[in-house]
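The values are calculated or read from the model by the stated rules, or taken from the named source; none is laboratory data. All values reported here derive from a predicted model rather than from experimental measurement. Methodologically, a virtual Cβ is constructed for each residue, glycine included, from the backbone with ideal geometry; neighbour enumeration extends over all protein chains shown. We work out accessible area using only protein heavy atoms, side chains counted, and drop any ligands, DNA or RNA first. Shrake-Rupley method; radii C 1.70, N 1.55, O 1.52, S 1.80 Å.
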Amino acid sequence: MLSSWDKWMSKKHKKGQICRVWLYLCGGKVKMEQNAHRFQDLDSQPGDPKWVDVIEKDLHRQFPFHEMFVARGGHGQQDLFRVLKAYSLYRPEEGYCQAQAPIAAVLLMHMPAEEAFWCLVQICEKYLPGYYSAGLEAIQLDGEILFALLKRVSPVAHRHLKKHKIDPILYMTEWFMCVFSRTLPWASVLRVWDMFFCEGVKIVFRVGLVLLKCMLGSQEKLKVCQGQYETMELLRAIEPRYMQEGFLIREILELPVSERDIEKEHLSQLRLWKESRGELRCKSPPRMHGARAIMAADPPSKQDLRQRPTITVEFPPSSKNTEEEKDKKKTNGQKTETSPPETANQHLLPQDQLLPGQPQPLLKDTPLQGSNQSLSSAEHDTYL
Amino acid sequence: MEAIWLYQFRLIVIGDSTVGKSCLIRRFTEGRFAQVSDPTVGVDFFSRLVEIEPGKRIKLQIWDTAGQERFRSITRAYYRNSVGGLLLFDITNRRSFQNVHEWLEEARSHVQPHSIVFLLVGHKCDLDAQRQVSQQEAEKLAAAYGMRYVETSARDAINVERAFTELTRDIFELVKRGDITIQEGWEGVKSGFVPNVVHSSEEVTKSDRRCLC
């Protein structure tokens, strides 16, 4: 499958199939099976007026030019309401954060409401725990981690931002909380999200680092932005060529920042945080670095992964592809049997198997490749 | 060539979610009105030059903030370095008016040891038919807090210039009188490129420091 990815994609990967893959990768499918009828329950409840009020105000403000969300009160906006309201009921202590709306909207462009809901749950709890919680400590901490990693990736950019006292929170909040869905051109958003579902938050960090490095990484570029405002302006208007799919994906793949680097930096920044601001007020569950880690932590049964006929209409996200689903089922099944959980976190992208600019495989971790990947991840760790 | 300005003032724009903060700033800085505007996530910022007297230009750096309460932990870090602020409420949304007090408290508790010159703005005044807060009532509240009150509409470009210019003039007067001084490590007011002004403001800072020591 991997060796002829392009062919495989063009043949079997019709628009709308991404959704299935995202749902399976993030463990949303397993959650959905294990909590049958949960979404319907939540969906039938009225919701806390405190949250409903804010959600309703935001419905028409998400991707207003997308055909799905263009109509006030149209089916796109209705589904968006259902998903966000359901989440505010599912985690009443968290409620609703405005940055969740673009996330849910992107999911809804590719899947029905129930599936989008479980993907959102997985993003909020496994991929980006604490990002949307009261206090927003997790995102601020990741800002510090990003800045520390930048020191190694681009010392020039790091020095410049430090000199002009530009807090990471100023430029990375929207990038990270919306997983670049409001920043990058659409083709790149989809590619980044594919990789994000596979590999976890590492991808988000890498995109951020690539953009910072490209925009502020040389003395020449910095000559034209001598102040805080000028720098911020530059970061708000990133040159299109750096965000273009082919360029960006290659840069992301080549950037040697691993889960281990992020975890290491997380510990040091957490220590600094505690020294300066005291204990974290919001205790979030540990972050899961991608599909493998999630799968290893919560092994699905065959039952959980079985394909149910969901949509039968011949309309956008169709379900024509039962063959592909079977493939996936098989792969997923093998994964849990073969990958030992303790190494699951350390696998990197199989970079040597990818030519720059080629589509990123969505499911790349067959047992055979596992060994290759551990090798490459070891190399990366010594590199940094 | 960089436009020459006397001072740079940093302003912060606050108020409940969906009162129209980003739209008001866009109208002022870009001269256009967007029917739909993404909810602001975190903080954003804009700038524009304002001529308060012939030949006297002030550069405004305007910080836009997310209105949802959840983002306050991030936005509150930006009060400290602001010299002025626009506190917005939506005249068609009573609750946003009732929250004005809370916003002021929030700002005051995080601006120490400085203070912010606020202007109260009743926004969306083109929607007079749906008005839930009378002008009189808003003026009374503004007076109680020692603020000016202006009603604006980003859609119809009503009083947008006036709101920003009046606030800028008020701050300028305070700077001229020496009630607000330029301080190192504080971004609220910075002096610009006119040599004389740079000189005199530096003196102010120096004498100020001497007093503190």
quick note, the stretch B:7-191, DSSP beta bridge pairs, % antiparallel (nearest 5) is 40
How much length is gained on full extension from B:Asp128 to B:Arg48, taking 0.36 nm per residue of separation minus their Cα-Cα distance? 25.9 nm
Which residues of the stretch A:167-207 show a drop of at least 30 Å² in accessible area when all protein chains are present, compared with their chain alone (probe radius 1.4 Å, heavy atoms only, ligands and nucleic acids excluded)? A:Ile169, A:Leu170, A:Thr173, A:Arg182
Counting other Cβ atoms within 10 Å of each Cβ, which GluC sites (Glu not before Pro) in the stretch A:227-311 have at most 10 and sit in a DSSP loop? A:Glu279
May I ask for the angle, rounded to the nearest 10°, between helix B:160-177 and the longest principal axis of chain B, with both axes built from Cα atoms and the value confined to 0 to 90°? 30
Check: C-alpha center the stretch A:20-65 vs C-alpha center the stretch A:264-283, spacing in Å is 31
Give me the mean projected area, in nm² to one decimal, of the convex hull enclosing the Cα positions of the stretch A:235-313. 10.9
Which ³J(HN,Hα) values, rounded to whole Hz and listed in residue order, are derived for the stretch A:227-232 from phi using the Karplus coefficients 6.51, -1.76 and 1.60 in 6.51 cos²θ - 1.76 cosθ + 1.60 with θ = phi - 60°, glycine and proline given as x? x, 5, 5, 4, 5, 5
Over all residues in B:32-43, what is the mean tally of Cβ atoms on other chains that come within 10 Å of each residue's Cβ? 6
Through the Karplus equation 6.51 cos²θ - 1.76 cosθ + 1.60, θ set to phi - 60°, convert the phi angles of the stretch A:200-210 into ³J(HN,Hα) values in whole Hz; use x for Gly and Pro. x, 5, 3, 5, 4, 4, 5, 4, x, 5, 4
The stretch A:148-163 to the stretch B:90-118: how many Å between their Cα centroids? 36
Nearest 0.05, what FRET efficiency do B:Glu184 and A:His66 give at R0 = 41 Å with Cβ-Cβ as r? 0.30
Under 24 Å between C-alpha atoms, the lysine pairs in the stretch A:195-305 lying 8 or more places apart or on different chains count 10
Once you have a ≥ b ≥ c as the square roots of the Cα gyration tensor eigenvalues for chain B, tell me rounded if a/c is under 1.5, and otherwise prolate or oblate according to whether a/b is larger than b/c. prolate
Does a label point 7 Å from the Cα of A:Gln226, set along Cα-to-beta-carbon, have any residues of the stretch B:176-192 with amide nitrogen under 18 Å, and which are they? B:190-192
On a 0 to 90° scale, report how tilted helix B:195-212 is relative to the longest principal axis of chain B, with both axes built from alpha carbons and the result rounded to the nearest 10. 90
Using amide H atoms built in the peptide plane, which far-off residues or other-chain residues are under 5 Å from B:Arg148 H to H? B:Leu120
Once B:Arg80 and B:Asp156 are pulled to full extension, the length gained, defined as 0.36 nm per residue separation minus their Cα-Cα distance, is 24.1 nm
Taking Lys and Arg as +1 and Asp and Glu as -1, residues besides A:Asp53 with C-beta under 15 Å from its C-beta add up to +1
Would you count, across the stretch B:7-191, every pair of lysines whose alpha carbons are under 22 angstrom apart, provided the pair is eight or more residues apart or spans two chains? 8
Give me the one-decimal nm value for the distance between modelled label points at A:Asp298 and A:Ala36, 7 Å along each residue's Cα-to-Cβ direction. 1.8
Taking amide H positions as placed 1.01 Å from N in the peptide plane, with prolines and chain starts having none, which residues 5 or more places from B:Asp90, or on another chain, fall under 5 Å of its amide H? B:Ser96, B:Phe97, B:His123
